[in-house]
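A short write-up of the structure that comes next.
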Amino acid sequence: MTTLLEAHDVSRSFGGLQALAGCSLLVERGSITGLIGPNGSGKTTLFNVITGYIKADTGRVSFEGKDITNARPNAVFALGIGRTFQMTRIFARISVVENMLVATQREESWLRGLTRSKSSKSELDNAMEWLDFVGLARLAHLPAGALSYGQRKLLELAYVLVADPDVILLDEPAGGVNLTLINEIGEKIRSLNAAGKTFLIVEHNMEFVMNLCDTVTVMHQGCNLVTGRPDEVRSNPLVLDAYLGGGDDEDVAEEMSNG
Amino acid sequence: MADAPFVRFEGVVAGYGGGDVLKGVNFDVAHGGVTCIVGPNGSGKSTLLKTVSGLVQPRLGTITFKGHNLVGMSPREILRLGVVQVPQNHSLFKEMTVEQNVELGAFLVKDKKVIAQRLRSIRETFPIVAERAHDKAGSLSGGQQRLVEFARCLMLEPELVVLDEPSMGLDPKTLHVMFGTIKMMNSLGRTVLLVEQNARQALKMSHHGVVLENGLVRLAGTGTDVLNNPDIAALYLGGSVSTRPAH
Amino acid sequence: MKLKQSAWWALALVVFALFPVVVTNPFYTTIGIFTVMYMSCATSWNMFSGYSGYVSLGTAIFFGCGAYTMALASIDWHVPGGAVQFWLVPLGGVVAMAIAVPLGAVALRVRRHTFVVITIAFFFVFQLAAINANFTGGPAGLSLALIPWQGNAYNTPFYYVALLILVFAVVLSALVRRSRFGLQLLAIRDDEDRALGLGVKVKAVKLTGYTMSSFTVGMAGALYAMFLGQIYPQFVFDPVFDVTVALMAFLGGFGTLLGPLVGGLILESSQQYLTATYSNGSLYLILFGALFLIVVLFMPQGIVVKVKEIWMKRSLKDADGVDGATPVAMAGSVKP
Ligand SMILES: Nc1ncnc2c1ncn2[C@@H]1O[C@H](COP(=O)(O)OP(=O)(O)OP(=O)(O)O)[C@@H](O)[C@H]1O
Ligand SMILES: Nc1ncnc2c1ncn2[C@@H]1O[C@H](COP(=O)(O)OP(=O)(O)O)[C@@H](O)[C@H]1O
Ligand SMILES: [Mg+2]
Ligand SMILES: [Mg+2]
């Protein structure tokens, strides 16, 4: 396998707070890579650096061997890197299906937007298909601001998928989503992955992460702590200590054994 | 008190100006217990909690809390009765510091000493409140904000605690602390009504479970009743434990 | 539903088209001309500011530029007073657009709040320039050739050209709302950075919207100059115009198609009527102030949205016990 996306020794601080302190991450082409770590360990900040939403103080981000450090979000998206936000950022005052359509124009020049309608038949069908998958088809014509929290998360996921990027960065896609639907999303990710998409996923639902990912990187206090296969990671004492909680935690232990 | 339910929902119908989201909800919340509501996304769980705290006014039906009908009361009056809610969406004042946010939780308490004492114990349970006391709440990570929101509700010592997905976005270790705190609050006599998508763990620690589906109660029973119901497990809990594929 | 809607639009157009036929008193047709003119300005202001959320308070720049284009072109090119001058109306729009491009390129580099301030600053630069430059005739303004039309019919051609501009503005605004481009403007209004991250070329989209919206305003300005036959810098570059146009859109419904039309109709006709009847130039300012308060307090989303909400509530009450599958209308639904 070849490296598709790489963050190398990235640092970023906010005032006195070192959110990223020399963090490195490799995402192989065609993999599903997990990124886990305690609250505040810098996962979202790393996503923000990769996708151009914040600038790195030092360090390098590269995609297909090309340097994309501090590129603008639209440039990153144009390269084929799509992402979701942990704190959902949907367009609240346009309808759910219009939200989907905003995302379906990666290769289009802006001039074209003037002369064409909101959506072609095939775009609309495609959008509705994704909405149906996340269970929002019935609500397609509501303003997105009327969605419940979990539904917003699902919309956010759906409109990144409809944009059809090559690499998909998901920031806690399962948070607030119903368990059965989480499993379906997991299945979908797996089939998209089989069709060639690469995923980088931040998630606290261990069952989801451990079942799905090929490689897991654990972050802690802005650095990467451990990288390895899920089974290696989950038994690593460093990870147990920093993230999962000690072996005395029966709930977590049980979740793990179920996984 | 033992026989009269602590909170009773009777034929509650509510929505947001269009169609009804809740279509006649009936169930009781027992005094001194933990009641957990589960259900698919958009089934009306948050709406139901909002009717308790007065943020959504039911169109029909009654909600009785200790003999008072909450329908028609303002959120403030309901708060005074001892009902505190932690909403699902991020509700911190982003431009205020973490400490100011937490202190705001006690705006009904006049006694400075009580406030200081509660603040101290919160800092012990949730170190983030002390570590980031003077940072803007909006600069915290999602999970950290969730924790501060929860901490804020501990500043009042309410009789009924209403939590909308308290564990969302928390890492496993913190989630454990959170659930531990909920259990502790409950053992100190507080009645807890919560919604959770982390349903297995939540139902395990709950005395009562309620399944809400499309604005109606599909099943109400003990936590284990809900957990062990095969239909519910398949529909909303990600499959029953035994049928889930092994890794 | 769709059919019904277009029937209403057609009916409205017929009523507006018949207005000067039914009402021939020039006192009222003059009010009609100004009202239609302002409705078109509010509509095209809304086509950018309402859709994108970038509130501009420098609209009078384009109005003034259109007016001066008409005046200067007809003087310099010795265009005789009369119908020929109407051909210069689109030129007013084109000049306004040519000015909007550099202005927008600078002003749109910043976010909403700063944008408002910059547009105001630009406005005063233009007003000062018009007062002080030589080619604009300075504070004395410019006079156009007399138009040799007589009697009650004098107003009629102006009214129909104004109506044509209005139809153009409304159609353009509706087309934009339906296009991919309009969707991008709306996405920018809700979350510009998110839109950027989904590949929306926000800079180009904003600048295009800004420029397009200046065209109609420039045409309206040109028509205004021709209609009055005399322009003064302080009246064509008028800060009250900046505010009025925005207020019309807010009153009727910011970001909706119908809103600026309703707002323009109510505000401009009452303003013209009050000013003419009570010959007190500032009476309408008090009215505007009061209206503004009412809007902000009781219907922050404007008349159109408010009326729709009340309508929805009533139909819900009629059909009590409807199920949740009926579309939920809610606050914040801004759809024309
Ligand atoms: N402000 C609102 N305006 C209009 N409709 C709303 C609003 N909030 C929620 N709804 C609608 O009401 C229904 C129930 O929403 P609610 O927030 O109660 O769901 P929920 O069960 O809490 O879902 P989740 O698990 O996703 O949080 C949804 O279909 C949603 O679209
Ligand atoms: N814009 C910001 N300003 C200040 N501090 C921030 C900002 N964004 C993130 N941080 C801090 O950086 C740390 C890492 O945050 P984040 O990457 O969001 O964590 P997580 O791993 O939970 O996603 C946290 O301590 C957070 O408070
Ligand atoms: Mg995060
Ligand atoms: Mg909810």
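The values are calculated or read from the model by the stated rules, or taken from the named source; none is laboratory data. Nothing here was measured: the structure is a model prediction, and the numbers come from that model. Positions of Cβ are backbone-derived with ideal geometry, glycine not excepted, and every protein chain shown enters the neighbour counts. Ligands, DNA and RNA are excluded from the accessible area calculation, which covers all protein heavy atoms including side chains. Shrake-Rupley method; radii C 1.70, N 1.55, O 1.52, S 1.80 Å.
The alpha-carbon atoms of chain B, seen along their principal axes, cover 51, 48, 39 angstrom, with the largest extent given first.
Taken as Cα centroids, region B:95-156 and region A:119-167 sit 36 Å apart, rounded to the nearest whole angstrom. In this calculation the C-beta distance from C:Gln150 to C:Ser282 is compared with R0 = 30 Å, giving a FRET efficiency of 0.35.
Calculated mean residue ellipticity at 222 nm for chain A: -10500 deg cm²/dmol, from DSSP H runs with n ≥ 4 weighted as -39500 (n - 2.57), summed, divided by the residue count and rounded to 500. Axis angle, to the nearest 10 degrees, between helix C:2-22 and the longest C-alpha principal axis of chain C: 30 degrees. Amide H to amide H distances under 5 Å link A:Gly34 with A:Ile201, A:Asp214, A:Thr215, A:Val216, A:Thr217, where only residues 5 or more positions off or on other chains count and H is placed in the peptide plane.
Taking Cα atoms only, the orientation of helix C:303-318 departs from the longest principal axis of chain C by about 30 degrees. Between C:Asn134 and C:Ile294, the modelled labels are 5.1 nm apart [label points 7 Å from Cα along Cα→Cβ]. Once both labels are positioned 7 Å from their Cα atoms along Cα-to-Cβ, the gap between B:Asn89 and C:Arg314 label points is 2.9 nm.
Per-residue 3J(HN,Hα) values for region C:147-163, derived from phi via the Karplus relation 6.51 cos²θ - 1.76 cosθ + 1.60 with θ = phi - 60°, read 9, x, 9, 10, x, 5, 6, 3, 6, 4, x, 4, 4, 6, 5, 4, 5 Hz in sequence order (x marks Gly and Pro). Per atom type, the protein assembly as shown shows carbon and sulfur on 61% of its accessible surface, probed at 1.4 Å.
Could you give the angle, 0 to 90 degrees to the nearest 10, between helix A:179-194's Cα long axis and the longest principal axis of the Cα atoms of chain A? It works out to around 80 degrees. Spatial offset of region C:136-178 relative to region C:205-242 amounts to 11 Å, using the alpha carbon center of each. Amide H to amide H, with H built 1.01 Å from N, B:Ile37 comes under 5 Å of B:Leu194, B:Val195, B:Glu196, B:Val210, counting only residues 5 or more places away or on other chains.
With 0.36 nm allotted per residue and the present C-alpha distance subtracted, the C:Tyr160-C:Ala98 stretch has 19.7 nm of extension available. Couplings 3J(HN,Hα) for region A:77-92, derived from phi with the Karplus relation 6.51 cos²θ - 1.76 cosθ + 1.60 (θ = phi - 60°), are 5, 4, 6, x, 10, x, 9, 10, 10, 4, 8, 3, 10, 8, 8, 6 Hz, where x marks Gly and Pro.
Neighbours of A:Ser24 by Cβ distance under 12 Å: Lys/Arg scored +1, Asp/Glu scored -1, total -1. For region A:108-177, the set of trypsin sites (Lys or Arg not before Pro) satisfying both a DSSP loop assignment and a count of at most 10 other C-beta atoms within 10 Å is empty.
Computed from phi, the 3J(HN,Hα) profile of region B:95-111 under the Karplus parametrisation 6.51, -1.76, 1.60 (θ = phi - 60°) reads 8, 9, 6, 4, 5, 4, 4, 5, 5, 4, x, 9, 5, 8, 8, 9, 6 Hz, with x in place of Gly and Pro.
On a per residue basis, region A:91-164 carries 38 Å² of accessible surface, using protein heavy atoms and a 1.4 Å probe. For region C:25-301, the relative contact order comes to 37 percent (Cα pairs under 8 Å, sequence separation of at least 6). Helices of chain B meeting both criteria, an alpha-carbon length of 15 angstrom or more along the long axis and an average Kyte-Doolittle score not below -1.0, with helices taken as full DSSP H segments, are B:112-125, B:142-153, B:172-187. Would you mind checking the pairs B:Lys45/C:Lys308; B:Lys66/C:Lys313; A:Lys118/C:Lys201; A:Lys121/C:Lys308 and listing those with alpha carbons more than 21 angstrom apart? Checking Cα-Cα distances, B:Lys45/C:Lys308; B:Lys66/C:Lys313; A:Lys121/C:Lys308 exceed 21 Å.
Probing with 1.4 Å while keeping every protein chain in the model, the per residue accessible area of chain B equals 41 Å². Working from label points 7 Å from Cα in the Cα-to-Cβ sense, the C:Asp76 to B:Asn69 distance is 7.7 nm.
By the helix-only formula, in which each DSSP H run with n ≥ 4 contributes -39500 (n - 2.57) and the sum is divided by residues, chain C has a 222 nm mean residue ellipticity of -24000 deg cm²/dmol. List the aspartates and glutamates whose Cα sits under 18 Å from the Cα of B:Lys23, skipping any in the same chain fewer than 8 residues away. Straight-distance partners of B:Lys23: B:Glu10, B:Glu213, C:Asp318, C:Asp320, C:Asp323.
Based on C-alpha pairs under 8 angstrom that are at least 6 apart in sequence, region A:100-165 has a relative contact order of 51 percent. Length available on full extension from B:Arg76 to B:Ser121: 0.36 nm per residue minus the Cα-Cα distance, which gives 13.6 nm. Every helix of 4 or more DSSP H residues in chain B counts as -39500 (n - 2.57), and over all residues that averages to -10000 deg cm²/dmol at 222 nm. Which FRET efficiency, nearest 0.05, do A:Thr3 and B:Tyr16 yield, Cβ-Cβ r, R0 30 Å? The value I calculate is 0.05. Taking amide H as placed 1.01 Å from N in the peptide plane, B:Glu213 has its amide H under 5 Å from the amide H of B:Arg218, each at least 5 places away in sequence or on another chain. Applying 1/(1 + (r/R0)^6) with r as the Cβ-Cβ distance of C:Leu13 and A:Ala78 and R0 = 60 angstrom yields a FRET efficiency of 0.90.
Tell me: how much accessible area in total is hidden between C and A, 1.4 Å probe, Å², nearest 100?
3100
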